[in-house]
Amino acid sequence: MNDNRNYTFPEGYQEGRTEYDLILDMIPVGAKVIDLGCGNGVLLERLKRTKSIIDEGIEISPVGVEICQKKGLNVRIGRIDEKMDFADNSFDYSICNVTIQMVMYPEILLQEMKRISRFQIISFPNFGFYRNRIEYLFYGGMPEHSLYGYKWYNTGHIHQCSVSDFLELAKETNLKVLEYKYIKPSNRLKAFLMESFPNLFQILPVYLLTVTTI
């Protein structure tokens, strides 16, 4: 059985996730970007190739860092849910793609993203998704829909959250939503439900945030 707690990456693995296009649309050409929890650098590499960004990345997996460096990416090993050694506003954008639920201290991660960058892009699997609710209601066990095939005990996910949970934390961190995107289905009814009731029907939302001005 696979174990995702060590965040290993098979040699030559190049995952093209559907939310990458949504993230790329949020970032202008030439921006200074840091990808926090960048994995094996697929998103960062694509940003560098298509948007000519100034790239930086932090990844906890030695295998991931090694793969990134072989690609010529400016990535180093480290944790992202603790004080990072970057000056305030060092970056235009910080990205945390499908990783906030995997860290021990999500609130510190958000605080640091707010400190080191003008804009923050965050995506996560919505644990409030209706299929998770149905699975938990009828089977009484941890839903596996948002665990990407893993079991509750061997996944890297630590703090699963819903859309409502995340927005509450963002508000507590004095971050406001500038834009949010999601993978839109071709079915009009599904699209309407996802737009109208995101906490119930969104699978993987992508948020663009910035600091709330008082």
Within the set LYS151/LYS184; LYS83/LYS171; LYS70/LYS176; LYS51/LYS151, which residue pairs have Cα atoms separated by over 32 Å? LYS70/LYS176; LYS51/LYS151
Along the range 119-125, what does the Karplus equation 6.51 cos²θ - 1.76 cosθ + 1.60 (θ = phi - 60°) give for ³J(HN,Hα), rounded to whole Hz, x for Gly and Pro? 10, 10, 10, 9, 10, 6, x
For LEU178, enumerate residues with amide H under 5 Å from its amide H, sequence gap 5+ or separate chain, H modeled in the peptide plane. LEU208, LEU209, THR210
Checking the a/c ratio against 1.5 first, then a/b against b/c, what shape does the Cα gyration tensor give for the range 120-194? oblate
Under 1.5 on a/c is rounded, so check that first for the range 77-146, then, if it is not, pick prolate when a/b is larger than b/c and oblate when it is not; a ≥ b ≥ c are the square roots of the alpha carbon gyration tensor eigenvalues. prolate
How much net charge surrounds ILE80 when only other residues with a Cβ under 15 Å from its Cβ are counted (Lys, Arg +1; Asp, Glu -1)? -3
Grab the other residues whose beta carbon is less than 12 angstrom from that of ILE100, score K and R as +1, D and E as -1, and report the net. -4
Does the range 59-110 come out rounded, prolate or oblate by the C-alpha gyration tensor, with a ≥ b ≥ c the root eigenvalues, rounded set by a/c under 1.5 and, if not, prolate when a/b is larger than b/c and oblate if not? oblate
Work out the FRET efficiency for GLU168 and VAL29 from their Cβ-Cβ distance, taking R0 = 45 Å, and round it to the nearest 0.05. 0.85
Which Cα, out of ALA31, THR8, CYS161, lies furthest along the positive dipole direction of the chain (beta carbon charges, K/R +1, D/E -1)? ALA31
Potential extension, ASP85-HIS159 segment - 0.36 nm per residue separation minus Cα distance: 24.2 nm
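Readers should treat all values here as calculations from the given coordinates under stated rules, not as data from a laboratory. Since the model is a prediction, treat every value here as computed from it, not as a measurement. Every residue, glycine among them, receives a Cβ derived from its backbone with ideal geometry; neighbour counts consider all protein chains shown.
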